[in-house]
Structure formats: structure tokens, C-alpha cells
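Below: one structure, written as C-alpha cells.
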Amino acid sequence: MIKKPFEIRELSGSLFKNPKQTNEKAPQMTGSCLINGIEYWVSAWTREGEKGRWQSLAFTKKDAKEEIEF
């Protein structure tokens with residue numbers, strides 16, 4: 001079976017556990033997505049509040065920073 005290279009499709013993306021999480025403010029998950037033909041870095045944090053657990057997301061254009069630093 002021949003595997004195709006991974007390709008981000010429009011209006012989709014992926015998140016992975018952040019191996020560089022060095023402090024509590026750093027995102028727990030990082031990844032990338034494609035929106036309107038522009039690639040973005042995605043950062044995610046799991047938060048807890050009165051209504052339970054939820055995910056907080058942040059998006060940064062890939063050309064704005066070579067790599068996300070926290």
C-alpha cells in the first residue's frame with residue numbers, strides 16, 4: 001500500500017500534544033489548519049469553569065512567526 005503525503009485540506013486542521021510545553025501558559029496542544037487558502041498555527045488549552053471543561057483556541061498566520069514561542 002502506497003501512503004499519500006499528509007495534506008491539509010481547506011477548513012480543516014489537526015492538533016497534537018505539545019512536546020515543548022515548559023510552563024502552564026504554554027499551549028497543551030499545537031497544530032495547523034488551512035482557512036481561505038492561508039495556513040495558520042493552532043494552539044489549544046483545556047480550561048475549566050462553571051460550565052465544565054472547554055477548549056480555548058488561538059490562531060496565528062504561519063508567515064507571521066516561523067514557530068510559536070511561549
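The values are calculated or read from the model by the stated rules, or taken from the named source; none is laboratory data. What you are looking at is a predicted structure, and each value in this text was computed from that prediction instead of being measured. Virtual Cβ from ideal backbone geometry, glycine too; neighbours counted across all protein chains shown. Side chains included, ligands, DNA and RNA excluded: accessible areas come from the protein's heavy atoms. Shrake-Rupley method; radii C 1.70, N 1.55, O 1.52, S 1.80 Å.
Remark on GLU39: its backbone amide H falls under 5 Å from those of LYS62, a criterion applied only to residues 5 or more positions apart or on other chains, H modelled at 1.01 Å from N. The local environment of TYR40, defined by Cβ-Cβ distances under 9 Å, has a net charge of +1 under the rule Lys, Arg +1 and Asp, Glu -1. With protein chains left intact and a 1.4 Å probe, residues in the chain average 88 Å² of accessible area per residue.
Between GLU48 and LEU11, the C-beta separation translates, for a Förster distance of 30 Å, into a calculated FRET efficiency of about 0.60.
How large, in percent, is the carbon and sulfur part of the accessible surface of the chain at a probe radius of 1.4 Å? Percent of accessible area from carbon and sulfur atoms in the chain: 53.
Charging the Cβ of each Asp and Glu at -1 and of each Lys and Arg at +1, and nothing else, the dipole of the chain about its Cα centre rounds to 240 debye. What the Cβ-Cβ distance of ASN23 and LYS3 gives, at R0 = 35 Å and to the nearest 0.05, is a FRET efficiency of 0.45.
Using a cutoff of 8 angstrom between alpha carbon atoms and counting only pairs six or more residues apart, the relative contact order for the chain works out to 23 percent. If every alpha-carbon in the chain counts as one equal scatterer, what log10 I(q)/I(0) does Debye give at q = 0.14 1/Å? Result of the Debye calculation: -0.51.
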